[in-house]
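*Asks:* After the structure tokens below, expect a handful of questions from me.
The values are calculated or read from the model by the stated rules, or taken from the named source; none is laboratory data. On a predicted model such as this, the values are computed, not experimentally measured, just so you know. All Cβ positions, glycine included, derive from the backbone under ideal geometry; neighbour counts span all protein chains shown. Keep in mind that these areas ignore ligands, DNA and RNA; they rest on the heavy atoms of the full protein, side chains included. Shrake-Rupley method; radii C 1.70, N 1.55, O 1.52, S 1.80 Å.
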Amino acid sequence: MALQGSQKLPFWADAVLLPFLNLLAAFAVSGLVILLLGEDPLEALSIMFEGAFGYDEAIGYTFYYATNFIFTGLAVAVAFHAGQFNIGGEGQAMIGGVGLTLAVFAFGTTAPLLAVLLAVAGAAVFGAVWAYVPAYLQAKRGSHIVITTIMFNFIASAVLAYLLVGPLQRPGGQMPESADFPDGVRLTHLHEILNTVGIGFEESPMNVSLLIALICAFGVWFLLYRTRFGYELRVSGANQNTAAFAGINVPRMTIYAMMLSGALAGMMGLNELLGEQLRLLGNFTLGYGFVGIAVAFMGRNHPVGIVLAAVLFGALYQGGAELAFEMPAISRDLIVLVQGLVILFAGAMEHMFRTPVERFFHMLSIKRAD
């Protein structure tokens, strides 16, 4: 029997049960592939979990990767709440990295602490400015935001390549990378802070940008659900005609949301460049901007869900590397396949289980009414 209209699910079912089923389906398909390769799927899962959370260094790497996904996932979510699909996080992160680097080289030798603060601001501002043009074209000219942001990814990649083989290239170097950041211009690693307060923790690249990302997650939650601006932004995304009838300037909200989205994506460079690499690299984004789309969808575009989904993807990255090392039959390409399946089931097929789950809760409600 078909359902009469949409059956609203309990919050916990929509936020927890459906993502869990999507994840379970992804792992089930991945397990079949591993089984076909002659390996034990349960042992592989155990190795992945141990490699992601089994010891201090693994935990550090997991949260190091998760930091990137928190930034890019939040970026996608903010735009999505305004009814926009920002697929340009990759390019906005690249240009954010340029802003970060310019601030470092401008002030790093004279005022390292000021350089770090300005680098954070530079990453956000450059990311926001890069998102402004597609946002303006969408709001004022009706251009499709997906097309323009994709094209801006290519433009950003070309700009970054030009800078790293030209004005910003390491003096005397042949690689597409800048000179090293001046001494002292970096974000402190968290294991250094923990060891300072007497908590022993193995060395890892996890750094202060994780705390900045969590602050951003709280800030996005507060902005979206506790401010008038957030309410107007969500109304604009839910129904533009209703928003316009209520007196909300929809084009302006589109531009604001996209610029905020670009700022969050641009700050991804804090973790990679200012926390670990300490120089600008040509390929430092490594597709994190695109994975942020799946992170946002799996987290149901809520900051809490995004943080949890980011940790999951961080665990897949770190645990997958351990799995490829422990099981030679499972190559790095297969790990990418597992990650792709999670993205597929969490993103493109996120509603696959919604109808049967809605049907189950509908039948449950009828039974309770009887």
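*Asks:* Please go through the range 224-249 and pick out each residue that is in contact (Cβ under 8 Å) with a residue 40 or more places away in the chain, of a type in the set (A, V, I, L, M) and touching a helix residue (DSSP H, G or I) at 6+ places or on another chain (Cβ under 8 Å).
*Replies:* Answer for the range 224-249, where residues must be in contact (Cβ under 8 Å) with a residue 40 or more places away in the chain, of a type in the set (A, V, I, L, M) and touching a helix residue (DSSP H, G or I) at 6+ places or on another chain (Cβ under 8 Å): LEU224, LEU233.
*Asks:* Kindly indicate whether ILE87 is at pLDDT 95 or above, surrounded by fewer than 24 Cβ atoms within 10 Å (Cβ to Cβ) and among the β-branched types (Val, Ile, Thr).
*Replies:* Against the criterion (at pLDDT 95 or above, surrounded by fewer than 24 Cβ atoms within 10 Å (Cβ to Cβ) and among the β-branched types (Val, Ile, Thr)), ILE87 does not qualify.
*Asks:* All but one of (1) of a type in the set (Ser, Thr, Tyr); (2) within 26 Å of VAL208 (Cα to Cα); (3) in contact (Cβ under 8 Å) with a residue 12 or more places away in the chain hold for THR196; state the number of the condition that does not hold.
*Replies:* Among (1) of a type in the set (Ser, Thr, Tyr); (2) within 26 Å of VAL208 (Cα to Cα); (3) in contact (Cβ under 8 Å) with a residue 12 or more places away in the chain, THR196 violates only (3).
*Asks:* Let me ask something else about it. Look through THR196, THR149, THR227 and report the one residue that is of a type in the set (S, T, N, Q) and open to solvent by 60 Å² or more (accessible area, probe 1.4 Å).
*Replies:* When all the criteria are applied, what remains is THR196.
*Asks:* Considering only the range 30-53, state which residues are within 24 Å of the chain's Cα centre (by Cα) and either surrounded by fewer than 21 Cβ atoms within 10 Å (Cβ to Cβ) or without any contact (Cβ under 8 Å) to a residue 12 or more places away in the chain (or both).
*Replies:* Across the range 30-53, the qualifying residues are LEU45, PHE49, GLU50, PHE53.
*Asks:* Answer yes or no: is there a residue in the range 131-147 that is assigned to a loop (DSSP other than H, G, I, E, B), of a type in the set (Lys, Arg) and either in contact with a Phe, Trp or Tyr (Cβ under 6 Å, 6 or more places away or on another chain) or touching a residue at least 12 places away in the same chain (Cβ under 8 Å) (or both).
*Replies:* No; the residues of the range 131-147 include none that is assigned to a loop (DSSP other than H, G, I, E, B), of a type in the set (Lys, Arg) and either in contact with a Phe, Trp or Tyr (Cβ under 6 Å, 6 or more places away or on another chain) or touching a residue at least 12 places away in the same chain (Cβ under 8 Å) (or both).
*Asks:* Next question. Between LEU74, LEU102, which is surrounded by fewer than 24 Cβ atoms within 10 Å (Cβ to Cβ) and of a type in the set (A, V, I, L, M, F, W, C)?
*Replies:* LEU102
*Asks:* Determine which single condition PHE290 fails, assuming it passes every other condition in (1) within 14 Å of the chain's Cα centre (by Cα); (2) within 27 Å of GLY38 (Cα to Cα).
*Replies:* All conditions pass for PHE290, except number (2).
*Asks:* Quick test for you: out of THR72, THR62, pick the one residue that is under 30 Å from PHE181 (Cβ atoms), at pLDDT 95 or above, out of contact with any Asp or Glu (no Cβ under 9 Å at 6 or more places or on another chain) and hydroxyl-bearing (Ser, Thr, Tyr).
*Replies:* Sole residue among the options that is under 30 Å from PHE181 (Cβ atoms), at pLDDT 95 or above, out of contact with any Asp or Glu (no Cβ under 9 Å at 6 or more places or on another chain) and hydroxyl-bearing (Ser, Thr, Tyr): THR62.
*Asks:* Scan (1) of a type in the set (A, V, I, L, M, F, W, C); (2) in contact (Cβ under 8 Å) with a residue 40 or more places away in the chain; (3) open to solvent by 60 Å² or more (accessible area, probe 1.4 Å) for the single condition LEU117 breaks and write down its number.
*Replies:* Against the list (1) of a type in the set (A, V, I, L, M, F, W, C); (2) in contact (Cβ under 8 Å) with a residue 40 or more places away in the chain; (3) open to solvent by 60 Å² or more (accessible area, probe 1.4 Å), LEU117 comes up short only on (2).
*Asks:* What number of residues within the range 282-300 satisfy the criterion of being surrounded by fewer than 20 Cβ atoms within 10 Å (Cβ to Cβ) and within 22 Å of GLN339 (Cβ to Cβ)?
*Replies:* 5
*Asks:* I'm checking my understanding of the structure. Among residues of the range 183-209 that are assigned to a helix (DSSP H, G or I) and of a type in the set (A, V, I, L, M, F, W, C), which one is farthest from ALA106 (Cα to Cα)?
*Replies:* In this case the residue turns out to be LEU194.
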